[in-house]
Amino acid sequence: MSRTVSPTHARAERMAGMTVPAPVRTAARALGGPLGAGWRAWLYLLLGGVLLVPLAAVLAGLLWPVDGLKALALLWLACAAASALLALLPRLRALEASAARDLLGLPAAGGAAAPGLYGLTVAHLVAGATHSAATLFLVVPVVWFAVTGRELPGHGAGAVPAAAIAVLLWVASVYLLGALLRRMGRLMLRPDPARRLAELARRDALARELHDALGHALAAISVQAAALEARLGTEATTPVRGSLAALASASREAQGELDQALGLLREGDGTGPGLESVWRLVAGLSDGPVGGPGRITLGSDLSEAELAGLDAATSRAGYRILQEATTNAVRHADGPVTVRIRRTPKAVALEVTSGPPAAADERAGAAASGHGSGLAGMRRRAALAGGHLDIDRAPTGWIVRAELPG
């Protein structure tokens with residue numbers, strides 16, 4: 001079935017691809033705890049400075065005849081106005097959504113169109129440029145004088161005490177500005193209740209339409225195949241009976257998958273299984289015809305009670321990601337499947353490792369490499385929950401990794 005994509009939607013999809021570079025995301029996830037929070041806050045401020053400081057340098061050149069505090073005040077106001085104009089660019093807001101998610105841990109669902117993202121982008125640019133300029137023109141010179149053993153101009157004392165104070169103030173400012181921007185982001189990026197209700201209504205209407213259009217047709221196919229098999233009785237040859245049984249079985253399986261898809265559509269009302277149900281998920285897949293006892297191994301650092309205590313939205317998103325990844329691995333790959341749940345200082349880490357694609361399954365390559373619609377859906381689900389999902393090729397198969405805020 002072909003899918004018509006409007007120009008507006010296509011532009012939105014291209015802008016959604018604007019993300020923080022992978023090395024920055026890796027560096028941001030390298031540390032946890034308070035040290036990691038400060039590291040990520042500094043990267044976030046540095047990004048704002050990198051985006052605005054070049055323009056600030058041009059504005060400073062235009063204001064060169066003015067000196068003293070008046071020049072600094074005019075330059076700061078000019079940078080704030082420039083930030084308000086730059087934040088109108090959709091691509092810059094898409095980058096801000098990625099930075100807010102990867103560096104501040106904020107749920108920036110909706111990409112460049114997220115409500116409140118414009119204000120956060122302006123605040124980020126102004127705070128980042130201010131902090132970067134203070135670092136470059138105040139902290140760095142003082143530290144340089146201390147390292148070289150020279151005295152501060154106009155002061156008889158050495159620069160070492162001043163450098164120590166400057167570094168402490170710089171570290172404190174990183175944590176303070178990071179906490180302030182994180183708090184501001186949580187307030188600005190809160191979902192709009194009216195928009196949320198409209199989205200739930202749209203999902204429910206779509207679910208009803210799919211149920212009426214496809215559910216009844218699949219049920220009719222299953223019933224008619226069973227009726228025809230019973231009517232033919234002993235007159236039907238073995239291949240015919242096998243084909244009718246396969247048709248009835250396929251229609252029942254498709255109906256089950258349709259019910260599961262409808263459940264995902266209606267999940268926005270706050271219902272649905274969470275990560276505490278992952279043991280039942282694994283048991284159900286192991287008992288299925290393509291699973292088999294012992295093929296799926298589940299390991300978790302968290303008990304069922306601890307998983308039940310996680311944030312409800314995070315838990316539901318994690319369950320659906322594991323459900324999709326594990327089902328794909330069981331259906332489309334050979335060898336054992338390993339499911340792992342870990343707790344990190346800031347997130348819940350999920351991992352599904354599978355073998356190479358099954359030789360007889362041509363869809364496995366697309367599914368495992370991340371081009372299948374199921375894995376694209378996993379990426380969107382992780383992003384909506386404020387996390388991220390990566391799919392890597394391993395020597396023995398594929399690895400799906402997701403991190404969700406915990």
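The values are calculated or read from the model by the stated rules, or taken from the named source; none is laboratory data. Since the model is a prediction, treat every value here as computed from it, not as a measurement. Every residue, glycine as well, gets a Cβ built from its backbone with ideal geometry; the counts of neighbours run over all protein chains shown.
Restricting attention to the range 267-280, which residues are under 19 Å from A325 (Cβ atoms) and at pLDDT below 85? Explain how you work it out, then say what you get.
Looking only at the range 267-280, we keep the residues that are under 19 Å from A325 (Cβ atoms), and these are 267, 272-280.
Passing the criteria: E267, G272, P273.
Only one residue in A368, A329, A385 is surrounded by 21 or more Cβ atoms within 10 Å (Cβ to Cβ), modelled with pLDDT under 75 and not hydroxyl-bearing (S, T, Y), so which one is that? Before the answer, list the steps.
On the way: A329 fails: modelled with pLDDT under 75; A385 fails: modelled with pLDDT under 75.
One residue alone meets the criteria, A368.
Just to be sure I understand the filter: pairs with C-beta atoms under 8 Å, separated by 6 or more residues or on different chains, first member in the range 312-336 and touching a residue at least 24 places away in the same chain (Cβ under 8 Å), second member polar (S, T, N, Q) and assigned to a loop (DSSP other than H, G, I, E, B). Which pairs pass?
Listed by first residue and then by second, the contacts come to G335/T396.
When the residues of the range 90-149 are filtered to those that are among the basic types (K, R) and buried (at least 17 other Cβ atoms within 10 Å of the Cβ), which remaining residue is modelled with the highest pLDDT? I'd like the intermediate steps shown before the answer.
Step one: of the range 90-149, the residues among the basic types (K, R) are 91, 93, 101.
The next check asks that each one be buried (at least 17 other Cβ atoms within 10 Å of the Cβ); those that pass are 93, 101.
Values: R93: 86, R101: 78.
Within the range 90-149, the match that is modelled with the highest pLDDT is R93.
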